[in-house]
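Beneath this line is the structure, given in structure tokens, with notes to follow.
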Amino acid sequence: MRNARQVITAVTLVAAVACHGGGAHPAQPAPAPNSVRRPIEPHLAHIRRLTRGGENAEAYFSTDGKRLIFQSTRDGRSCDQQYVMNADGSAQHRISDGTGKTTCGYFFGYNTKIFYASTRAADSACPKKPDPSKGYVWGLDKYDIYTANPDGSDTRRLTHNGVYTAEGTLSPDGKTIVFTSLKDGDLDIYAMNVDGSNVRRLTNTPGYDGGPFFSPDGKRIVYRAYHPTDSTELAQYRDLLSQSIVRPNMMEIWVMNADGSDQHQITHLGGANFAPFFTPDGKRIIFSSNYKNPRSGEFDLYLINDDGSSLEQVTNATGFDGFPQFSPDGKQLVFASSRDATGEHQLDLYIADWKP
């Protein structure tokens with residue numbers, strides 16, 4: 001749950017980051033490239049829309065840059081499944097088995113394998129959505145991480161925590177998965193070998209630490225965090241946690257070394273700042289934020305130096321822009337956006353040429 005459907009819900013709180021809801025949206029052939037460039041997006045050129053309709057998010061490249069794995073609510077389902085497509089949007093097809101809810105897919109093993117999180121062990125049906133009387137909250141569904149072949153076959157359970165365990169991404173050397181889990185009673189970041197061995201806890205400050213990604217050299221991890229600042233906030237956070245929900249209204253961007261040392265805050269913006277990813281040179285971080293209007297679903301992409309200086313806005317389209325990732329060669333950026341949406345819950349994937 002790097003949280004797309006919940007992002008969409010926020011956009012329609014609009015109110016937006018892992019995903020759910022929506023009607024039937026069958027897979028579409030790749031749309032013809034069309035320019036949707038906005039006037040103040042100088043880092044983006046030749047923006048192309050990869051999906052058309054439904055709720056699509058969290059698209060991540062294969063290591064050769066030729067394919068993308070993403071999560072989508074379509075085909076008559078009411079929660080996310082995992083899909084794969086070519087980097088031009090063609091050949092979209094589902095690779096998870098249609099049971100439970102899935103999130104956070106990633107290629108590994110030189111593109112011979114994938115991993116993703118699924119609730120299938122807890123229930124074959126989609127999990128219940130949080131009680132709307134709780135306000136804007138994310139459900140901490142009982143995900144565990146699974147591996148499979150890229151066509152979805154040979155699915156194997158990698159973790160057996162039985163509680164929220166998701167948000168997995170891969171180190172550049174392909175040896176380590178970093179992820180978020182509730183397995184020790186708090187939302188913390190962990191690392192493990194790709195075979196599930198040598199699990200180690202990287203964060204332990206009370207609060208939500210999640211959405212981790214490695215730097216290009218594998219030496220650092222960027223993530224989002226909310227650490228309650230007083231006893232009242234901490235009690236409220238823990239009360240929600242006991243109900244398997246979390247309220248993500250306040251999050252900032254943090255960086256730490258790959259072994260968990262030197263944890264330090266990068267942004268001090270207020271609002272919800274999430275989905276951070278290092279630029280190809282490892283010197284800046286791109287992320288999504290609604291800090292200009294924290295009570296809204298107006299999220300844009302921003303760049304910031306890794307020391308917290310020189311904040312720069314990247315996108316300027318109305319609605320939600322989030323979940324950015326650079327292609328392995330650093331020449332393209334894929335992201336999710338509600339720009340040009342024609343449906344209330346629509347979120348599509350876009351790809352653009354990157355201009356540093």
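Table: residues versus (1) surrounded by fewer than 22 Cβ atoms within 10 Å (Cβ to Cβ); (2) over 18 Å from G105 (Cα atoms); (3) of a type outside the set (F, W, Y); (4) over 18 Å from the mean Cα position of the chain (by Cα).
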residue: K183; (1), (2), (3), (4): yes, yes, yes, yes
residue: D186; (1), (2), (3), (4): yes, yes, yes, yes
residue: D195; (1), (2), (3), (4): yes, no, yes, yes
residue: R200; (1), (2), (3), (4): yes, yes, yes, yes
residue: T205; (1), (2), (3), (4): yes, yes, yes, yes
residue: G210; (1), (2), (3), (4): no, no, yes, no
residue: R224; (1), (2), (3), (4): no, yes, yes, no
residue: S242; (1), (2), (3), (4): yes, yes, yes, yes
residue: M256; (1), (2), (3), (4): yes, yes, yes, yes
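Give region 303-318 a look and list any residue that's surrounded by fewer than 20 Cβ atoms within 10 Å (Cβ to Cβ) and within 21 Å of T51 (Cα to Cα), or say none.
Restricting attention to region 303-318, the residues satisfying the condition of being surrounded by fewer than 20 Cβ atoms within 10 Å (Cβ to Cβ) are 303, 305-313, 316, 318.
Listed by number, the residues that qualify are N316, T318.
Just for region 39-51: of the residues that are farther than 11 Å from A352 by Cβ and surrounded by fewer than 20 Cβ atoms within 10 Å (Cβ to Cβ), which one is modelled with the lowest pLDDT?
Filtering region 39-51 for residues farther than 11 Å from A352 by Cβ gives 39-40, 42, 51.
When the remaining residues are screened for being surrounded by fewer than 20 Cβ atoms within 10 Å (Cβ to Cβ), the result is 39-40, 42.
Numbers: P39: 56, I40: 84, P42: 95.
Among them, the one singled out is P39.
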query: Is there any pair linking a residue in region 120-140 that is farther than 15 Å from S96 by Cβ to one that is crowded, with 18+ Cβ neighbours inside 10 Å and among the aromatic types (F, W, Y), with Cβ under 6 Å and at least six apart or on different chains, and which?
result: L140/Y164
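In this structure, does P206 turn out to be at pLDDT below 95 and either farther than 29 Å from P356 by Cβ or among the β-branched types (V, I, T) (or both)? Working first, answer last.
Working: at pLDDT below 95: no; either farther than 29 Å from P356 by Cβ or among the β-branched types (V, I, T) (or both): yes.
No: the conditions fail for P206.
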- request: Output the residue which, of all residues in region 114-138 that are buried (at least 17 other Cβ atoms within 10 Å of the Cβ) and not hydrophobic (A, V, I, L, M, F, W, C), is nearest to S244 (Cα to Cα).
  value: P130
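Of the residues that sit in region 334-348 and are among the aliphatic types (A, V, I, L, M) and surrounded by fewer than 24 Cβ atoms within 10 Å (Cβ to Cβ), which one is nearest to the chain's Cα centre (by Cα)? It would help to see each step written out before you state the result.
First, the residues of region 334-348 that are among the aliphatic types (A, V, I, L, M): 334, 336, 341, 347.
With the extra rule that they be surrounded by fewer than 24 Cβ atoms within 10 Å (Cβ to Cβ), the set shrinks to 334, 341.
Working: V334: 12, A341: 20 Å.
Of everything passing the filter in region 334-348, V334 is nearest to the chain's Cα centre (by Cα).
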field: Residue tally, condition under 22 Å from L140 (Cα atoms) and either surrounded by fewer than 17 Cβ atoms within 10 Å (Cβ to Cβ) or among the basic types (K, R) (or both), over region 164-175
entry: 0
task: Determine which single condition K66 fails, assuming it passes every other condition in (1) within 14 Å of D348 (Cα to Cα); (2) at pLDDT 95 or above.
output: (1)
task: Determine, yes or no, whether F61 is in contact with a Leu (Cβ under 7 Å, 6 or more places away or on another chain), modelled with pLDDT of 95 or more and crowded, with 16+ Cβ neighbours inside 10 Å.
output: yes
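Restricting attention to region 334-356, which residues are under 21 Å from G54 (Cα atoms) and assigned to a strand (DSSP E or B)? First the steps, then the outcome.
Within region 334-356, the subset under 21 Å from G54 (Cα atoms) is 334-352.
Those that are under 21 Å from G54 (Cα atoms) and assigned to a strand (DSSP E or B): V334, F335, A336, S337, L347, D348, L349, Y350, I351, A352.
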task: Return yes or no: is Q81 touching a Gly at 6+ places or on another chain (Cβ under 9 Å) and crowded, with 20+ Cβ neighbours inside 10 Å?
output: yes
message: So C104 passes all but one of these: (1) at pLDDT 95 or above; (2) over 17 Å from the mean Cα position of the chain (by Cα); (3) of a type in the set (A, V, I, L, M, F, W, C). Which condition number does it fail?
response: (2)
query: Can you tell me which residues in region 217-262 are in contact with a Phe, Trp or Tyr (Cβ under 6 Å, 6 or more places away or on another chain), modelled with pLDDT of 95 or more and either not β-branched (V, I, T) or not in a strand (DSSP E or B) (or both)?
result: Y223, R224, A225, Y226, P228, M251, W254
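Test V163 against the stated conditions and say whether it is within 20 Å of the chain's Cα centre (by Cα), of a type in the set (A, V, I, L, M) and assigned to a loop (DSSP other than H, G, I, E, B). Break it down into steps so the answer makes sense when it comes.
On the way: within 20 Å of the chain's Cα centre (by Cα): yes; of a type in the set (A, V, I, L, M): yes; assigned to a loop (DSSP other than H, G, I, E, B): yes.
Considered against the rule, which asks whether it is within 20 Å of the chain's Cα centre (by Cα), of a type in the set (A, V, I, L, M) and assigned to a loop (DSSP other than H, G, I, E, B), V163 comes out as yes.
The values are calculated or read from the model by the stated rules, or taken from the named source; none is laboratory data. Everything quoted here is computed from the prediction, not taken from an experiment. No Cβ is skipped: glycine too gets one built from the backbone with ideal geometry, and neighbour counts run over all protein chains shown.
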